[in-house]
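See below for the structure under consideration.
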Amino acid sequence: MLVASESQIEDLTRKLMRIGLDSVIGYIDNVADWAAATGQQLDTAKVISLDEFKEKKAENNLQLIDLRGVSEFNTAHIKGAEHIFVGTIEKNLDKISKDRRVVIHCQGGDRSSIAYSILAKHGYHNVLNYSAGMNEWISRNLICPV
């Protein structure tokens, strides 16, 4: 289910299909109206900044998941990251901890937003989204090629 205007649906559906998410069942253009009409409560994603990410990364009890494609991951990734492609995340839930803090990231936030929603749907409440991802990490010269 997408939250988008009708004019965005074709483009978004195409982009989702490219990463293996091809079962879009519909869309709504205003999630607040939908929540009010259905009595659903909305949750807010836990998005963290670079400084917050660095602080969390320094902790020992963290699982870091890189959601990009395998070639992107093999080119460069953040030290200690595990690779789980966003398009296969539901098939790999057994690899994601419900006991430890989990930080997810991708290149620039689109894929990590999708993954955050999927994980929330499956009862993960320990997830943080470093949505600035590799774009910010590389722009700050924090990574060396693998």
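Readers should treat all values here as calculations from the given coordinates under stated rules, not as data from a laboratory. Only a predicted model underlies this, so the values are computations on that prediction, with no experimental measurement involved. So basically every Cβ, Gly included, is an ideal-geometry build from the backbone, and we count neighbours across all protein chains shown.
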Review point. Using a Gaussian network for the chain with springs between C-alpha atoms less than 10 Å apart, which of these wobbles most: SER97, SER71, SER117?
Key: SER71
**Study point:** Choice from GLY39, GLY123, GLY20 showing the highest fluctuation, given a GNM over the chain with Cα pairs closer than 10 Å
**Key:** GLY39
**Study point:** Estimated vicinal HN-Hα couplings, Hz - the stretch 129-135 in sequence order (Karplus 6.51, -1.76, 1.60; Gly, Pro = x)
**Key:** 10, 8, 6, 5, x, 4, 4
Practice item. Determine the shape class of the stretch 1-73: with a ≥ b ≥ c the square roots of the Cα gyration tensor eigenvalues, call it rounded for a/c under 1.5, and otherwise prolate if a/b is greater than b/c, oblate otherwise. Key: oblate
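Given a cut-off of 28 Å, name the pairs among LYS15/LYS54; LYS15/LYS57; LYS56/LYS98 whose C-alpha atoms lie farther apart than that in the structure shown.
Numbers: LYS15/LYS54 30 Å; LYS15/LYS57 30 Å; LYS56/LYS98 16 Å.
Exceeds cut-off: LYS15/LYS54; LYS15/LYS57.
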Check your understanding: Rounded to the nearest 500 deg cm²/dmol, what is the calculated helix-only ellipticity per residue at 222 nm for the chain, with -39500 (n - 2.57) per DSSP H run of length n ≥ 4?
Key -> -10500 deg cm²/dmol
Review point. Under the definition of Cα pairs under 8 Å and six or more residues apart, what whole-number percent is the relative contact order of the stretch 50-139?
Key: 30
Review point. What shape does the chain take by its C-alpha gyration tensor, where a ≥ b ≥ c are the square roots of the eigenvalues and a/c under 1.5 counts as rounded, a/b above b/c as prolate, and the rest as oblate?
Key: prolate
Study note, to complete from the structure: Connecting every pair of Cα atoms under 10 Å apart in the chain and solving the GNM, the largest mean-square fluctuation among SER113, SER131, SER23 falls on SER23
Check your understanding: Summing Lys, Arg as +1 and Asp, Glu as -1, what charge do residues with Cβ under 11 Å from the Cβ of GLY108 carry, GLY108 excluded?
Key -> 0
Practice item. Report the trypsin sites (Lys or Arg not before Pro) located in the stretch 93-146 that are in a DSSP loop and have at most 14 other Cβ atoms inside 10 Å of their Cβ, or state none. Key: LYS98, ARG100, ARG140
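In the stretch 15-65, what GluC sites (Glu not before Pro) fall in a loop by DSSP, with at most 16 other Cβ atoms inside 10 Å?
Details: sites: GLU52, GLU55, GLU59; in loops: GLU59.
Those satisfying the criteria are GLU59.
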